[in-house]
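Structure first, commentary second.
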Amino acid sequence: MRERELYGYLRALPKQTTASHTTLLASVLPDFLEILGYEGSTIFFDFLLSLPLRIKADALVAEHRTGLPWIIVEVKTFNAMRDDPRQEWQAVKHSYLQFLSKDEQWLLLFSPKVLGLASKSEEHVYDLTQLTVAQSSEIYSLLRRPLKSSDGSSKRPCDIGTEAPL
């Protein structure tokens, strides 16, 4: 089951204390997203987001480069999150939340120490050094790849009555 795989993966992530930003972005993050059901063709790196303001996201996960993102990703190294992870998370949220237009879109702060998730209506912060199975399952259910329905809306498997892993 992918949820168990995710738990093992996330429990091992804090060992990446010396991983560089580039390593986390190019190697570690894609493995995380693959467990959640995303293919490499749905991950776009160094993506420029524009509204009245412009900001470059480390990565964006979407069905197409021009489609609405499922996940906007900011990657931080272990050292960048060492001193005050909550303050770092607040800064990331402040920068990116304006780019989320629907509740099913997520902002993800990805680091070996902390995972932060936010949508327009929810916020979750997980200390990976103390992650529980329940928290890992919650992360999986929030971030797993949505299914595309015939009406064009994104639905997660649990929204359409199946708990089958993707």
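Considering Leu108, Leu131, Leu115, which residue is over 15 Å from the mean Cα position of the chain (by Cα) and at pLDDT 95 or above? Break it down stepwise before answering.
Values: Leu108 fails: over 15 Å from the mean Cα position of the chain (by Cα); Leu115 fails: over 15 Å from the mean Cα position of the chain (by Cα).
So the residue among Leu108, Leu131, Leu115 that is over 15 Å from the mean Cα position of the chain (by Cα) and at pLDDT 95 or above is Leu131.
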#### Entry: Pairs, first closer than 20 Å to Leu24 by Cβ in the range 60-83, second open to solvent by 30 Å² or more (accessible area, probe 1.4 Å) and among the acidic types (Asp, Glu), C-beta under 9 Å, six or more apart
Trp70/Glu63; Trp70/Glu104; Lys76/Glu88; Ala80/Glu88; Met81/Glu88
### Task
Given the conditions (1) touching a helix residue (DSSP H, G or I) at 6+ places or on another chain (Cβ under 7 Å); (2) within 26 Å of Ser141 (Cα to Cα), report the number of the one that Thr42 does not fulfil.
(1)
### Query
Before we move on, is Thr129 outside any loop (DSSP other than H, G, I, E, B), closer than 24 Å to Tyr9 by Cβ and not aromatic (Phe, Trp, Tyr)?
yes
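The values are calculated or read from the model by the stated rules, or taken from the named source; none is laboratory data. Here the structure is a predicted model, which means the values were calculated and not measured. Virtual Cβ from ideal backbone geometry, glycine too; neighbours counted across all protein chains shown. Side chains included, ligands, DNA and RNA excluded: accessible areas come from the protein's heavy atoms. Shrake-Rupley method; radii C 1.70, N 1.55, O 1.52, S 1.80 Å.
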